[in-house]
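The values are calculated or read from the model by the stated rules, or taken from the named source; none is laboratory data. Treat the numbers as computed from the prediction; the structure is a model and nothing was measured. In this analysis, Cβ positions are derived from the backbone assuming ideal geometry, glycine residues included, and neighbour counts consider all displayed protein chains.
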Amino acid sequence: MHKAQPTTGEPIAVVTACDENYVRGAAAAIRSAIDSVGPEQPVRVFVLDGGITDRSKARLVRSWRQPNVVTEFLQPDLAAIDDMHTSDHINLSTYLRILLADLVPADVTKAIYLDADTIVRRDLTHLWSEPLGDALCAATNDIFHPYLNPRQALPRPTHCMLLQVNPEPIPNYRELGLAGTEPYFNAGVMLVNVERWRREQFSSQAFECLRDNADHVRYWDQYALNVLCSGRWKSVDARWNQNSHTYRLPGWHLSHLDQAEFERLKHDPWIVHFDYVPKPWDLDSKHPFRQDFFRALDRTCWWWWRPRRPMRERLQILHQNYRRWRQKNWSPRVRAWKERWLGRRRAA
């Protein structure tokens, strides 16, 4: 049972990071976060700019504009991290959360970080009220890789083992002096102890870790975040970060959760994290909470936007549908007519 009490006095600092490719996702994510706390709760929104056009920035500001919200764009030095590994749908923007404590104003001592592919479904003041103590952050176990070595931490196999995927998200954890039973968190949603990150020069350590262990890095920036935070982060309710892999699991028994926890996570997430492709804005997305994304997007300057196939592809689909219709409905009639006509000629 979640017992944290909401607070409405101090502003909630919410941070996201994106480039132009993820700007609609960020618009919906932050809109849902603002809506979750209501109009009385002050919110400070910080956007780590990975390459957003001026036009899109203006749209974002308009999308979130209301009396209790202040928006600020922060410009990181992308050239300083252009040697970081990227692949598929992951680009340099994913590394910007490591720089969070260096970029937000000095008076921000903690912040909620949200990936630009999340949707908030529960009042964020509850997460904001979680006591951090000396923890570097609060987060949730990754549903696909819940521990550094799930074979040691769990009495049963996990889904990644059955898929014959390496279940160790930090392959060299032993060489780094980490225990295999330590949990591994997904960094798409975090309550960050900004003050402590600054004090420990967290970003410098993180990028040094990534460069020193480049041959072992999996899952990009999450490698460094979990190495540095191992044993020093707080676990919160799994519903604060429902990973997309939740819907790829055959059942709860292949996760680190018990059956009741898994069912709550699956059917009543507090934050939905579309961390796997297809994203909700992709045409082929079948995610159960996809419409939550569009409901949030419709409260932004992108209210009119929906994914559309290119005209050539749409014409091809129309042609294929026509051919299927003709083969099913028209061709049998033509064949039947030919048979009757030819039969009459033979009889004559």
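Some observations on this one:
- Residues that are of a type in the set (Gly, Ala, Ser) and at pLDDT below 95 were ranked within the stretch 57-85; the one that is surrounded by the most Cβ atoms within 10 Å (Cβ to Cβ) is 80.
- Here residue 162 meets the list (1) closer than 20 Å to residue 247 by Cα; (2) without any contact (Cβ under 8 Å) to a residue 24 or more places away in the chain almost entirely, failing just condition (2).
- In the set (1) surrounded by 15 or more Cβ atoms within 10 Å (Cβ to Cβ); (2) in contact (Cβ under 8 Å) with a residue 12 or more places away in the chain; (3) out of contact with any helix residue (DSSP H, G or I) (no Cβ under 6 Å at 6 or more places or on another chain), residue 197 fails one condition alone, (3).
- Residue check for residue 103: on the phi < 0 side of the Ramachandran plot, in contact with a strand residue (DSSP E or B) (Cβ under 8 Å, 6 or more places away or on another chain) and not basic (Lys, Arg): yes
Yes or no, residue by residue, for (1) within 26 Å of residue 96 (Cα to Cα); (2) part of a loop (DSSP other than H, G, I, E, B):
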| position | (1), (2) |
| --- | --- |
| 135 | yes, yes |
| 160 | no, no |
| 177 | no, yes |
| 197 | yes, no |
| 205 | yes, no |
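- Scanning the stretch 267-289 for residues that are charged (D, E, K, R) and touching a residue at least 12 places away in the same chain (Cβ under 8 Å), we see that the one that is farthest from residue 119 (Cα to Cα) is 282.
- Test: residue in the stretch 120-131 that is farther than 25 Å from residue 250 by Cα, more than 23 Å from the chain's Cα centre (by Cα) and either of a type in the set (Lys, Arg) or at pLDDT below 95 (or both): no
- Restricting attention to the stretch 241-280, the residues being in contact with a Pro (Cβ under 6 Å, 6 or more places away or on another chain) and more than 22 Å from residue 162 (Cα to Cα) number 1.
- Considering the stretch 113-136, the residues that are among the hydrophobic types (A, V, I, L, M, F, W, C) and surrounded by 24 or more Cβ atoms within 10 Å (Cβ to Cβ) include one that is nearest to residue 39 (Cα to Cα), namely 124.
- Test: residue 226 is out of contact with any helix residue (DSSP H, G or I) (no Cβ under 6 Å at 6 or more places or on another chain), in a strand (DSSP E or B), in the same structural domain as residue 274 (by TED's automatic domain parsing) and surrounded by 21 or more Cβ atoms within 10 Å (Cβ to Cβ): no
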